[in-house]
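In what follows, a single structure is set out as structure tokens and then discussed.
The values are calculated or read from the model by the stated rules, or taken from the named source; none is laboratory data. Quantities reported herein were computed from a predicted structural model and do not represent experimental measurements. Note: ideal-geometry Cβ built from the backbone for every residue, glycine included; neighbour counts use all protein chains shown. Areas reflect the complete protein model, heavy atoms only, side chains present, ligands, DNA and RNA absent. Shrake-Rupley method; radii C 1.70, N 1.55, O 1.52, S 1.80 Å.
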Amino acid sequence: MTSAGKYVVRGNLLGVDGVDSEIDTGETFTGRLEPRLFDGAIRDGKASVNAKGVVRFSGVHATRTGRFSKCRFGKDTYRDLILDESRPTAIGLRFLARHLVTLNYPRMKMYLKRRTSDLPVDQDDMSGLSLAQKGAATVVQSVEKGSVGDQAGLRVSDVVQRVNGSPAEMMELWELRNEFQSGSGKEVEVTVQRGGQLKQLKVVLKKGI
């Protein structure tokens, strides 16, 4: 466990020796790699990469996402995973969902048994939006510059009221995110509150990588 209270496991999704991974269950990503590992995978031709600028509360930030043809964790090999470049190196919920997970807290151990059916499809976001829930409100946390979400007019700090007619406050965060990953070319109708006004916007989803 780290000083910040995060659980850490030995190993990472590239199987590189000496680099451990945090377990992050607060987001639905598959995994994250520190820049050194990300750059090494690109040099070795293991990933197709999408570089983008993302608008957040603190300004515009450069970020990269890659689709990795072959990953390794422990003795197991995984194909076609989407990993983000970020510190620290981490494993997220979408990777854990490929397994039956058993946590032994007294012994500080995690056991993974791979599932053989109903595996989650590793699909990148198709809207360019990152959503977060703050209390009962769902807020646009970041918008990728030039993305379909950006083109549709969504902005950081917009409060999402409805998605495809359903009240956002009645939906779990993973359900909302799934709406924005539901298929390239699909239209998603979004109602947001901005500066005391309601705006109805339409996002036409587009596959990234």
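Structure above, values below:
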quantity: Lysine pair number, Cα distance threshold 16 Å (strictly under), the chain, separation 8 or more or different chains; calculated: 11
quantity: Using alpha carbons only: equivalent-ellipsoid semi-axes of the chain, gyration tensor based, whole Å; calculated: 31, 19, 17
quantity: Contour excess over end-to-end distance, with Cα ends at Asn50 and Arg10 and 0.36 nm allotted per residue; calculated: 11.6 nm
quantity: Accessible surface, per residue, of the chain when the full set of protein chains is kept, probe 1.4 Å, Å²; calculated: 56 Å²
quantity: With every protein chain in place, the chain: carbon and sulfur % of accessible area (1.4 Å); calculated: 47 percent
quantity: Top positive-direction residue, dipole computed over region 68-127 with Cβ charges, set Leu83, Met126, Leu112; calculated: Leu112
quantity: Relative contact order (percent, whole number), region 93-205, Cα cutoff 8 Å, 6+ residue spacing; calculated: 20 percent
quantity: Cα-centred dipole magnitude for the chain, charges only on beta-carbon of K, R (+1) and D, E (-1), debye, nearest 20; calculated: 400 debye
quantity: Cα-derived Rg over Rh, computed across region 125-209 with Rh taken as Kirkwood radius; calculated: 0.92
quantity: Pair Lys186, Glu169: separation of 7 Å Cα→Cβ label points (nm); calculated: 2.6 nm
quantity: Expected 222 nm ellipticity per residue - DSSP helices of 4 or more, -39500 (n - 2.57), all of the chain, to 500; calculated: -3000 deg cm²/dmol
